[in-house]
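Colleague: Quick one: the structure is below, and I'll ask about it shortly.
Derivation of every value follows stated rules applied to the coordinates shown; laboratory data play no part. Given the structure is predicted, the values throughout are model-derived calculations rather than measurements. All Cβ positions, glycine included, derive from the backbone under ideal geometry; neighbour counts span all protein chains shown.
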């Protein structure tokens, strides 16, 4: 083998490696469409996902309280909102709810307050749907590799940031697992509104 063939081999090997998470993504999409919660449970790191969603929900709730005109002390509303974000995320991070969320980017099974959890009816929502191997090309072109072990993929790749979510896959051992879902903007806002409203309704406890 001539020396100049080594960079070509390395480039080809890297290209093949970058395809492996999309094979995992394809398997996950098939499980989502089939409602296979057992497969999802084996390929999702629920501990990492739970921590990420708690951070997202808490940050969205805190931002919401800044624009809410309320007579309650803002510090109490913020603290209460952060506390309420945890049980809400606990109901969101289950195999069944993750399937519900990945299916179209909106958890219909989760009650998010006054308007329910139904998606806005203006446009049909799209989620993790990969009808064939050729469809993976759009996901591949929109993805972002972060080092050797992490890839971030927008879902669906043709939607704007307000209506799409991003999944993060991480390689552990020989398996790519879903470790994070960056919620779409409209869902974060609905969660923030639900938490903020619950925080305002919660009775004030004795101050220490």
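Colleague: Neighbouring Cβ atoms within 10 Å as the yardstick, rank 165, 148, 46 fewest first.
Modeller: Ranked by crowding around the Cβ, least crowded first: 148, 46, 165.
Colleague: Arranged by the count of other C-beta atoms within 10 angstrom, fewest first, what order do 190, 47, 62 take?
Modeller: Listing 190, 47, 62 from fewest to most nearby Cβ atoms yields 47, 62, 190.
Colleague: For the residues 139, 15, what sequence is obtained by ranking on other C-beta atoms within 10 Å, fewest first?
Modeller: 15, 139
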